[in-house]
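The values are calculated or read from the model by the stated rules, or taken from the named source; none is laboratory data. Model, not experiment: these values are computed from the prediction. Quick reminder, even Gly has a Cβ in these numbers, built from the backbone with ideal geometry, and neighbours come from all protein chains shown.
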């Protein structure tokens with residue numbers, strides 16, 4: 001059931017949930033390759049176990065391939081990847097017809113194409129190792145249909161479709177592909193996106209949940225670890241809602 005000894009790549013690991021995943025999985029004995037456009041030295045240090053940090057731009061296929069090469073050079077294989085890198089807090093919210101085109105394109109480039117780039121880079125190494133687990137981070141925005149952020153909502157809906165289609169393609173290679181759809185968690189990105197509506201936004205989300213408290217990073221890291229570990233060997237193509245019972249899939 002554990003991830004002890006597994007080699008796991010985490011994108012967007014310099015801060016927020018990516019950092020939390022690195023720390024939590026490292027505490028369970030995983031070897032982490034933490035990637036981000038920002039410096040990931042702190043995430044690698046928090047993960048321990050000889051974990052390393054690399055500079056990663058998920059919109060650049062060559063950068064994604066370099067991350068995988070660094071993992072293989074350091075640890076000899078790749079067992080899993082958490083595709084966490086995404087634009088959220090830096091995006092402009094508002095009505096769908098007022099969203100800047102540049103923001104729409106940026107959301108698709110990072111949140112969707114970025115995952116595609118990372119999957120293309122990591123699958124050959126997983127095939128060589130006999131299999132692996134890909135965990136994509138979607139969002140409640142997609143499963144619920146979050147208004148006033150159509151670019152973000154649409155990008156995360158695309159992540160779910162990508163997950164399902166890729167799971168069918170890679171099953172024969174013993175590579176599992178799943179997604180997680182969390183509700184809002186208190187990260188820098190959430191604070192930045194909601195702005196002065198932050199407290200009100202969290203209250204609205206909480207009241208729509210069966211479990212009426214704000215999602216904590218630990219609520220997600222346990223699900224991520226399960227999907228990466230051997231306890232979920234027959235689970236693929238699924239979107240696991242970690243949202244306190246907001247959307248019943």
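Some observations on this one:
- Residues in the range 152-165 that are more than 15 Å from residue 183 (Cα to Cα), buried (at least 24 other Cβ atoms within 10 Å of the Cβ) and out of contact with any strand residue (DSSP E or B) (no Cβ under 8 Å at 6 or more places or on another chain): 1 in all.
- Selection status of residue 43, in contact with a strand residue (DSSP E or B) (Cβ under 8 Å, 6 or more places away or on another chain) and under 17 Å from residue 221 (Cβ atoms): yes
- Of the set (1) out of contact with any strand residue (DSSP E or B) (no Cβ under 9 Å at 6 or more places or on another chain); (2) under 24 Å from residue 185 (Cα atoms); (3) without any contact (Cβ under 8 Å) to a residue 40 or more places away in the chain, all apply to residue 94 but (3).
- A count restricted to the range 46-62 and to residues that are in contact with a strand residue (DSSP E or B) (Cβ under 8 Å, 6 or more places away or on another chain) and in contact (Cβ under 8 Å) with a residue 24 or more places away in the chain stands at 6.
- Filtered by the rule that a residue be touching a helix residue (DSSP H, G or I) at 6+ places or on another chain (Cβ under 8 Å), surrounded by fewer than 22 Cβ atoms within 10 Å (Cβ to Cβ) and part of a loop (DSSP other than H, G, I, E, B), the range 89-126 gives 89, 90, 92, 93, 99, 112.
- Residue in the range 185-202 that is buried (at least 18 other Cβ atoms within 10 Å of the Cβ), in contact with a strand residue (DSSP E or B) (Cβ under 8 Å, 6 or more places away or on another chain), modelled with pLDDT under 95 and over 27 Å from residue 122 (Cβ atoms) present: no
- Residues (free of Cβ contacts under 8 Å to residues at least 60 places away in the same chain and either buried (at least 22 other Cβ atoms within 10 Å of the Cβ) or within 16 Å of the chain's Cα centre (by Cα) (or both)) located in the range 127-148: 132, 134, 136, 139, 141, 142
- In summary, residue 17 fulfils each of the numbered conditions (1) in contact with a strand residue (DSSP E or B) (Cβ under 6 Å, 6 or more places away or on another chain); (2) farther than 25 Å from residue 127 by Cβ; (3) in contact (Cβ under 8 Å) with a residue 40 or more places away in the chain with the single exception of condition (1).
- Among the criteria (1) under 17 Å from the mean Cα position of the chain (by Cα); (2) touching a residue at least 40 places away in the same chain (Cβ under 8 Å), the one residue 40 does not fulfil is (2).
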